[in-house]
Amino acid sequence: MRTHYLINYYFSNQAPGMMKSAFVWMLAFLAGNGDIYAQVPVGNWRDHLPYHQATKLIAGSNKIICATPYSLFTVGLQDQSIERLSKTNGLHEVGISAIALTEKSDQLIVAYDNSNIDFIAANKIVNIDAIKRKDIAANKSILEMLSYQGYTYLSTGLGIIVLDENKYEVKDTWIIGNSGSYVPVSSFATDGSFFYAATAEGLKKASLANANLADYRNWSVIDAAAGFPAGACNEVVALQQRIIARKNDTLYQANGNQWTKFYTSDWNMVNTAASSGKILTIEQKGSEYRVVVLSSNGTMDRSVSLPSGSLPRQAVLVNNNVWIADLDRGLVETGAAGQRVYQLNSPAAITTGDLFVSNQSLWVASGSVTTGWQNTFTTNGLYRFENNEWNNYQPSKYPALALLEDLVSITADPVDKTVWAGSFGGGLLQLSADGTTKTWKGNAAIEPSLSDPGRYNVSGLAIDAQRNLWVSNYGAGHALAVRKADGTWRQFTVPYSLLDNAVSSIVVDEHDQKWIVSPNGNGLLCFNHGGSIDNTGDDRWKFYRAGTGNGNLPDNNVLSIARDKNGFIWVGTASGIGIIQCPGDIFSNSGCEAVIPIVQQDNFAGYLFKGEAVQTICVDGADRKWIGTKNGTWLISADGDKTISRFTADNSFLLDNDVKKIAIDPVTGEVFFATAKGICSFRGTATEATDAASTVLAFPNPVPPGYTGTIAIRGLAGNAFVKITELNGRLVFQTRANGGQVTWNGKDYTGRAVSSGVYLVIAATDRGGEKLVTKIVVVK
């Protein structure tokens with residue numbers, strides 16, 4: 001059991017007649033508040049998870065609490081204020097399977113896909129990971145939860161698990177299948193005298209007075225003789241201490257030991273819930289959905305029709321309004337005034353495609369392919385994060401995107417702001433700054449795959465200094481193409497035998513050479529077009545593979561590539577990193593093979609990331625490297641000889657250890673991670689250096705009372721030497737910039753927090769000469 005103590009959360013008593021305690025979250029990240037998003041302190045995390053896909057909801061006394069597959073958010077019933085809660089600000093996991101309030105509503109219970117559980121109470125989050133850690137050959141998935149008299153009853157794939165809400169521990173496990181076998185329990189209810197479990201073997205019942213409910217023999221199946229049909233029971237709920245159970249498209253109610261029909265629908269029932277003294281059913285007929293509200297006697301109170309495209313999953317009734325968790329539309333409130341949809345600003349879905357930063361905009365390709373470069377047929381379009389707002393480019397608004405599955409590569413022209421995105425199957429997308437689109441495939445542009453002529457695979461993109469767009473055309477006869485700045489196209493044949501003619505990521509070096517990853521175990525290519533793109537007579541190629549004399553890569557399976565500030569080419573493979581330190585000499589007699597650096601870690605020295613699949617490499621403003629693997633992310637020194645930080649899902653707010661892509665905003669130093677469970681970001685300590693310290697900014701400034709975090713000073717000249725002094729010139733702190741940024745903890749050189757006042761920031765470059773670049777005001 002682990003506990004996080006949070007000063008941001010509290011519970012407050014409500015007026016008589018309402019629940020005794022209401023769940024109120026005072027979160028730092030409020031939806032739609034650009035100022036809060038903009039001011040992410042150095043060393044802090046934030047999530048960029050999809051909040052459009054609502055799956056679960058419950059009603060507190062003053063808030064609707066809604067779950068997505070990744071996180072939570074709430075909507076205030078009075079002021080419609082929206083608050084978010086995710087792994088980056090308290091939760092222990094990503095991937096929510098069920099939520100519930102305790103009977104007194106003083107704790108929120110969150111169950112995750114991996115069977116981990118959080119209790120959110122007062123100013124702490126208590127984690128119960130016993131079920132997650134239990135090694136058992138059974139389905140431990142938590143489907144629903146019921147709180148009753150100090151215990152939470154979990155409906156799981158193996159039976160019922162009982163949690164003690166006060167001790168935060170597993171109290172008991174009830175395996176109630178026939179002959180003591182595991183049986184999935186979809187829901188659980190009580191009328192105060194008996195427990196009822198909807199199981200795959202039927203509706204089962206046991207007396208609360210029985211002290212040994214772990215014994216399956218103390219559970220009886222309610223059979224046809226009692227009026228309830230045999231076979232699997234879908235759901236069971238309590239309506240004002242009456243039990244209502246669903247079998248297919250019919251609801252039955254208990255009348256003593258007998259069961260009678262409560263309601264039958266000619267639509268297919270999807271979900272049943274008891275809320276505000278009524279029964280709500282979600283029903284489907286073909287592609288249509290509706291929510292039916294039933295009075296306590298089973299008559300229809302109203303039917304709420306939902307628009308085309310809706311995918312409702314759960315509904316509750318609050319103040320006579322129907323609230324719906326919709327997988328497609330988000331959280332929907334329906335009442336006399338019509339429908340209101342709550343869609344929080346966020347990317348439309350998780351992604352593992354390319355991330356690319358240009359002009360302080362993060363562009364995200366939403367598609368993905370398997371490790372063997374097979375399609376996943378994702379059509380979620382593109383996402384852009386700019387000015388702390390997400391904008392989703394999806395087929396519903398941009399019809400051209402409907403035919404562009406698996407957008408995996410992306411780049412942008414920094415001059416005209418045209419965005420180029422590559423579809424693994426649908427060709428090349430051109431998205432102009434005015435929002436117009438054009439698709440390129442066939443003719444002299446993008447060729448079809450030799451093995452599948454109906455597919456046009458664009459797997460890598462890069463723009464060179466002359467604004468020529470270079471394109472990896474996976475599987476084509478001409479695997480490399482270029483759209484020149486004048487709009488004409490040229491194509492090139494790779495002079496090596498490559499499995500599947502596989503090509504992907506492209507990096508352009510300072511010598512205008514194109515470094516091209518050839519996945520599926522082929523290696524790495526370098527192409528130099530000589531004096532002119534149009535003159536193929538002076539084209540030169542080089543092929544890098546594992547082994548001395550072949551290029552000396554650590555492994556033939558190249559996964560990632562990056563160019564650092566020295567012009568070195570860093571190559572990430574399935575087993576470590578190789579560095580090509582003389583790219584300008586690769587066509588000379590020396591050949592310039594890769595160097596496999598040795599790094600000191602703990603008391604051992606070894607090859608850099610040997611045995612690790614290096615899926616992505618990104619270089620920050622201080623020339624340090626951020627490395628993404630399946631086991632988390634590392635920050636290593638500029639030359640790779642030292643590990644500075646390592647972030648995992650266990651020791652940080654990283655959403656998942658499987659880090660697919662990394663990108664960095666060079667102005668703010670914010671590092672974005674695309675993981676298998678969504679995008680998150682971390683405000684790093686390094687920014688891109690400027691030529692001169694003319695736009696230096698400090699944050700926060702003024703430093704507010706009680707602030708104990710890091711103060712960042714950015715916009716400095718590269719590698720500047722920085723002093724912080726009092727007004728009288730007394731030295732308080734000094735250091736070197738990481739790229740264009742310095743961080744200060746607000747303490748002097750003796751470790752004491754500085755007093756209120758104005759402090760001068762003075763910077764000097766290696767060329768000499770000091771200059772006052774900004775002032776910092778500290779308020780105590």
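Some observations on this one:
- Cysteines having no other Cys beta carbon under 4.7 Å from their own, within the chain: 66, 233, 526, 618, 680
- Rg and Dmax, both from the Cα atoms of segment 348-403 and both in Å, are 11.9, 36.
- When peptides 589-597, 368-376 are sorted by average Cβ neighbour count within 10 Å, with the highest value leading, the order is 589-597, 368-376.
- Solvent-accessible area of residue 203 with every protein chain in place, 1.4 Å probe, in Å² to the nearest 10: 0 Å²
- Theoretical FRET efficiency, 1/(1+(r/R0)^6), r = Cβ-Cβ of residue 135 and residue 585, R0 51 Å, to 0.05: 0.40
- With a 1.4 Å probe rolled over the protein heavy atoms of all chains, the accessible area of 778, 221 falls in the order 221, 778, largest first.
- Overall Cα dimensions of the chain, principal axis frame, Å, largest first: 92, 74, 55
- Heavy-atom accessible surface of the chain, averaged per residue, reaches 40 Å², computed with a 1.4 Å probe.
- Stokes-Einstein D for segment 276-316, Kirkwood Rh over Cα pairs, 25 °C, 0.890 mPa s (µm²/s): 230 µm²/s
- Inter-label distance for residue 287 and residue 327, nm, one decimal - labels placed 7 Å from Cα along Cα-to-Cβ: 1.6 nm
- Two-site FRET efficiency, residue 151 against residue 394, from Cβ-Cβ distance with R₀ of 51 Å, rounded to 0.05: 0.70
- Counted over segment 301-418 with a bin width of 10 Å, the fraction of Cα pairs per bin, in whole percents, is 12, 33, 28, 18, 8, 1.
- In a reduced charge model with +1 at each Lys and Arg Cβ and -1 at each Asp and Glu Cβ, the chain shows a dipole moment near 1240 debye about its Cα centre.
- Value at 222 nm in deg cm²/dmol, rounded to 500, when DSSP H runs of n ≥ 4 in the chain each add -39,500 (n - 2.57): 0 deg cm²/dmol
- Surface share of carbon and sulfur [accessible, 1.4 angstrom probe, percent] for the chain: 47 percent
- Between segment 717-737 and segment 263-323, the Cα center-to-center distance that results, in Å: 65 Å
- Aspartates and glutamates with Cα under 17 Å of residue 63, excluding same-chain neighbours fewer than 8 positions away: 79, 83, 103, 106, 333
- Over segment 399-459 - Rg/Rh using Cα atoms and the Kirkwood inverse-distance radius: 0.99
- Note on residue 665: accessible area is roughly 20 Å² with a 1.4 Å probe, heavy atoms of protein only.
- Each label point was placed 7 Å from the Cα along the Cα-to-Cβ direction; for residue 179 and residue 466 their separation is 7.7 nm.
- Those residues of segment 393-414 whose amide nitrogen sits under 19 Å from the label point placed on residue 341, 7 Å along Cα→Cβ: 393-402
- Full-extension gain in nm, residue 295 to residue 443, via 0.36 nm per residue minus C-alpha separation: 46.8 nm
- Diffusion constant of segment 426-578 at 37 °C, which comes from Stokes-Einstein with the Kirkwood Cα-pair radius and 0.692 mPa s, µm²/s: 206 µm²/s
The values are calculated or read from the model by the stated rules, or taken from the named source; none is laboratory data. No experiment lies behind these values; they were computed from the predicted model shown. Virtual Cβ from ideal backbone geometry, glycine too; neighbours counted across all protein chains shown. We work out accessible area using only protein heavy atoms, side chains counted, and drop any ligands, DNA or RNA first. Shrake-Rupley method; radii C 1.70, N 1.55, O 1.52, S 1.80 Å.
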